[in-house]
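To start, the structure under review is shown below, and the notes come after it.
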Amino acid sequence: MARTSAEPNADIITFRIPPTLKIAFAEIARQEAKPVGELLRDLIRERVKQKERREFEAEARRECLEINAAARDPNSDEAAVMRELEADLEEFSKEWK
């Protein structure tokens, strides 16, 4: 039978796993009514997303620390923005009292 895929130009990865692990994974696939290959692709996609998320969070943290450091200079644009935000927050909190 010819194999079909939603991704016609997909690469093939071959690897070895212990027979007990293969049996356990095949049972999961059977219970979820999905092909083993689909579950493996899902796992790989999830792992890639996790890595991308960690990289995004690390960059966001780096930028946050950089902006925080710049905001310590009272003459910086960042400090001016912080003053505006604090004033807006103060005004907003007065409206809620």
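The values are calculated or read from the model by the stated rules, or taken from the named source; none is laboratory data. Since this is a predicted model, take the numbers as computed values, not measurements. Here the Cβ is made from the backbone with ideal geometry for all residues, glycine too, and neighbour counts use every protein chain on show. All accessible areas refer to the heavy atoms of the entire protein, side chains included, with ligands and DNA or RNA removed. Shrake-Rupley method; radii C 1.70, N 1.55, O 1.52, S 1.80 Å.
Observations on the structure shown:
- Residue match in segment 69-80 (condition: of a type outside the set (S, T, N, Q) and modelled with pLDDT of 95 or more): no
- Checking the stated criteria, Glu66 turns out to be more than 24 Å from Glu7 (Cβ to Cβ) and either open to solvent by 100 Å² or more (accessible area, probe 1.4 Å) or among the basic types (Lys, Arg) (or both).
- Out of Glu57, Glu90, Glu95, one residue alone is open to solvent by 100 Å² or more (accessible area, probe 1.4 Å), without any contact (Cβ under 8 Å) to a residue 12 or more places away in the chain and either part of a loop (DSSP other than H, G, I, E, B) or out of contact with any helix residue (DSSP H, G or I) (no Cβ under 6 Å at 6 or more places or on another chain) (or both). It is Glu95.
- Going through (1) open to solvent by less than 70 Å² (accessible area, probe 1.4 Å); (2) outside any helix (DSSP H, G or I) one by one, Lys34 falls short only on (1).
- Selection status of Asp42, under 30 Å from Asp11 (Cα atoms), surrounded by 10 or more Cβ atoms within 10 Å (Cβ to Cβ) and not aromatic (Phe, Trp, Tyr): yes
- Residue match in segment 7-23 (condition: of a type in the set (Gly, Ala, Ser) and at pLDDT 95 or above): no
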